[in-house]
Every structure is written in C-alpha cells, then in structure tokens.
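One structure below.
Please treat every number below as a calculation from the coordinates, not as lab data. What you see is a predicted model, and the numbers here were worked out from it, not measured in a lab. Don't worry about glycine lacking a Cβ; one is built from the backbone with ideal geometry, like all the others, and counts go over all protein chains shown.
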Amino acid sequence: MRPLGPPPTLGHPGRAQPGFGPPRRSGPARPQMPALGPVGPRTAAPPPPAPAPAPEPAPLTAVLAAAARAAAQAAQSAAPPVAGSVAAAGARRDPAPSRWAYRMNRLWLTPAFRAAVRLGGPVALVLLVLGLWLGDADRRAALHGIYVDVREGFQNRPEFMVDFLAIEGASPVLAVSIRRALDLELPMSSFDIDLAAARIEVEAFDAVARAEVRIAPGGILQVDVTEREPAVVWRLPDGLWLLDAEGHRVARLSAREARADLPLIAGEGAERAVPEALMLLAAARPIGPRIRGLVRVGERRWNLVLDRDQTILLPARDPLRALDHALALHRAQGLLERDIVAVDLRLPARITVRLAPGPDGAARIVALNNLPGSRT
C-alpha cells in the first residue's frame with residue numbers, strides 16, 4: 001500500500017503555525033498546542049521544535065547602567081559589613097512621617113502654640129538683649145540717674161508744690177500740737193507728703209475723734225479735725241482727765257475749777273461706764289445742785305455723792321430704777337432733807353438709811369421708820 005502523508009496540523013487558519021513563517025521579534029513564545037493522537041491506525045509525527053528568538057541588541061544606556069550596578073555591588077561586597085546596612089539598603093523609604101514629626105505638626109496646628117512662638121520668641125529675644133545690656137553696673141547706674149532726674153524734675157513743678165498748712169476744727173492748743181507732730185518743712189512737693197501717715201498722726205491725739213487730710217487747690221495742705229467734746233471730769237490719783245461721752249480721753253485738766261461746768265466721776269473703771277454715769281446724772285437732775293459726783297465702786301456699781309456728806313448707794317443691777325425710787329421718796333416726804341448720812345438702795349425690796357450722829361437719834365429713827373419700805 002502507498003503510505004499516507006503527514007497529518008494536517010490544527011490551528012487558527014489566519015495565524016502562522018509553529019515551524020512556519022518568520023520568527024516573532026517581541027514577547028515570549030506562545031505555548032505549543034499538543035499534538036492529537038493518531039486517527040485510526042495512523043500515528044502523528046512530533047512537530048519540530050520552535051527556534052529560539054534572536055536576542056535584541058541592548059541600548060548603550062542600559063549597558064552603562066548594568067556596569068554601574070555591578071561596580072557598586074563589588075564595592076559593597078569588598079567593604080566591611082555594617083549592622084543594618086544590608087536591610088537599610090534593601091528597604092524602601094517609608095513615606096509616613098515619624099512619631100516626633102507627627103507630634104510637632106499637631107502642636108504647630110494649635111493656635112496657642114503658634115501665638116506663643118510668634119509673640120514669645122520676639123519678646124524673649126528683646127528680654128535677652130535687655131538683660132545683657134543691663135548686666136553692666138555702670139549702665140544700670142546711668143539709667144537710674146536719668147530716672148531720678150526726670151522724676152524730680154516732674155515732681156518739683158510749681159503746680160505740685162505745697163506751701164501752706166491749714167488746720168480747721170481744732171482748738172488753738174490742739175492746732176499747735178498738730179503742727180508740731182506733723183513737722184513738715186514747707187514748701188515741699190505733694191508727692192513727698194504721705195497723706196495716710198499724716199492722718200494717722202493727727203488721729204493719735206486723744207482730743208481728735210476723726211481727721212481728714214487732703215491737698216487743696218492753691219498749694220494748701222488741709223487738715224479737717226473733729227475734736228472730741230468733753231463730757232465729764234475723771235479724777236485719778238495722779239490728776240484729772242477730761243472724757244467724752246464714750247469714755248475716751250480728751251486731755252489733761254490742770255484744776256477742777258477750769259471745768260467746773262462738767263460733772264465729776266472717780267474710781268477705777270469709771271471711764272468704761274461713762275454712758276451709764278451720764279444717764280444717772282440726767283435722772284438726778286431734780287437734785288442736780290446738790291450733786292458732787294459719782295464714785296465707781298468695785299468696777300460694778302455707783303455711789304451718788306451729795307453735799308452735806310450724804311451718799312446714795314446704788315445697786316449694780318438696774319441702778320436707774322433704784323434712783324427713781326429714792327427721788328420719789330424725797331419728793332413725797334423730803335428724805336434727803338433729813339439728818340441722814342447714807343441711803344442704801346442695794347436691796348431692791350428694802351431701803352436702808354444711816355443717820356448722822358446726834359443727841360435726838362431715837363426720835364429721828366421713829367420718824368424714818370414711818371417711811372414706806374424703809375429701815376433705819
């Protein structure tokens with residue numbers, strides 16, 4: 001029999017089959033389709049291997065770049081190994097910011113930090129320069145001298161000078177004492193006068209209740225004084241004092257005759273009970289011409305001293321009521337016109353009367369016992 005020809009190959013009719021036609025210039029070789037098995041008794045012959053594509057000549061720049069990479073690798077292999085150099089060379093740069101860069105960026109976005117940098121930086125620079133300039137003692141002394149000259153030139157201007165001292169509301173004697181206490185060398189600048197200290201100096205006098213110190217127009221230092229008004233004369237072992245209605249000392253008194261118009265009080269602690277003493281004296285006004293004074297006893301009660309050596313002993317509690325009772329007896333039966341030495345009102349329920357010594361004592365006792373609530 002005549003042998004059959006080679007089996008036809010399968011493939012796309014419009015494409016060149018492997019082994020036929022010119023070789024492809026670019027891209028990898030397409031995979032070969034496997035040959036089909038024999039049909040019937042026929043056997044397919046294996047196709048011939050495809051020829052390898054011819055290498056494309058490399059450009060000059062690529063050759064130079066490859067040579068440079070080879071030289072760099074050779075130099076790196078010849079140098080001593082450095083820790084982390086291989087990893088750093090092979091690692092790519094991380095585009096994310098570092099932790100400190102992130103924190104600084106966030107801090108700079110804060111308005112307060114930006115304001116501190118923009119304002120605090122120049123201020124710190126100015127202070128630094130000023131501190132370096134003032135570090136020299138001669139410069140500091142010169143600057144202080146300039147300041148003193150400017151200040152004195154301003155304070156000693158005519159409109160700020162005080163030429164006179166005026167004191168109002170004080171007696172002549174007190175005014176002289178105030179001038180001596182202030183001891184101002186006029187004329188002087190108003191900036192050199194301490195008004196608060198001057199007021200304290202004036203109010204330190206016993207006779208001054210209040211004081212106001214001010215600078216009036218025309219260069220006048222005005223001192224307005226509210227003087228205490230004496231209300232009673234306080235007798236002490238070492239002399240006499242004038243007291244006001246609240247018990248404050250006003251001034252010393254040389255003699256009782258100098259202020260005979262004021263009532264007299266005596267005893268320890270009497271100055272602390274002056275308001276009560278004035279109330280008792282006001283209640284005893286019906287016998288006012290006979291009153292010689294009030295004596296404080298034990299710093300707790302009063303004795304009302306009358307002429308003819310008579311004494312009314314008042315209680316410590318509610319003395320005003322007890323005095324009104326004694327005055328009522330005097331108006332009704334002339335108690336204080338009798339020959340008695342003392343009327344003791346310290347017991348509210350009973351009046352005790354002490355008689356003056358005399359030959360007819362029994363008759364006087366009988367007369368006094370007829371008084372309501374009295375006991376001789």
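The figures follow:
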item	result
Ranked Leu132, Leu165, Leu320, Leu313, criterion: other C-beta atoms within 10 Å, fewest first	Leu132, Leu320, Leu165, Leu313
Environment charge of Trp108, counting only residues whose C-beta is closer than 12 Å and scoring Lys/Arg +1, Asp/Glu -1	+4
Ranked Arg272, Arg93, Arg157, criterion: other C-beta atoms within 10 Å, fewest first	Arg93, Arg157, Arg272
Residues with amide H under 5 Å from that of Met188, placed H, sequence gap 5 or more	Val162
Rounded to whole Hz, the Karplus (6.51, -1.76, 1.60) HN-Hα couplings of region 259-271, x for glycine and proline	9, 5, 6, 9, x, 10, 10, 8, x, 5, x, 5, 5
Long-range amide H partners of Val341 with built H, under 5 Å	Arg354, Leu355, Ala356
Estimated vicinal HN-Hα couplings, Hz - region 128-140 in sequence order (Karplus 6.51, -1.76, 1.60; Gly, Pro = x)	5, 5, 5, x, 5, 6, 7, x, 8, 5, 5, 5, 4
Cα centroid of region 97-132 to Cα centroid of region 289-329, whole Å	86 Å
Three-way shape label, region 283-359, alpha-carbon gyration tensor, a/c 1.5	rounded
Val208, Val341, Val305 arranged by Cβ crowding within 10 Å, fewest neighbours leading	Val341, Val305, Val208
HN-Hα J in Hz across region 316-331 - Karplus 6.51, -1.76, 1.60, θ = phi - 60°, x for Gly and Pro	6, 9, 6, x, 5, 5, 5, 5, 4, 5, 5, 5, 5, 5, 5, 5
Share antiparallel - DSSP beta bridges, region 164-267, percent rounded to 5	70 percent
Extended-chain gain in nm, criterion 0.36 nm per residue less alpha-carbon gap, Asp163 and Trp108	13.5 nm
Whole-Å semi-axes of the ellipsoid equivalent to region 232-375 (Cα gyration tensor, √5λ, descending)	30, 16, 13
Added length on full extension, which subtracts the Cα-Cα distance from 0.36 nm per residue, Ala142 to Arg214	22.3 nm
Under-5 Å amide H pairs with Arg292, H placed in peptide plane, nonlocal only	Val305, Leu306, Asp307
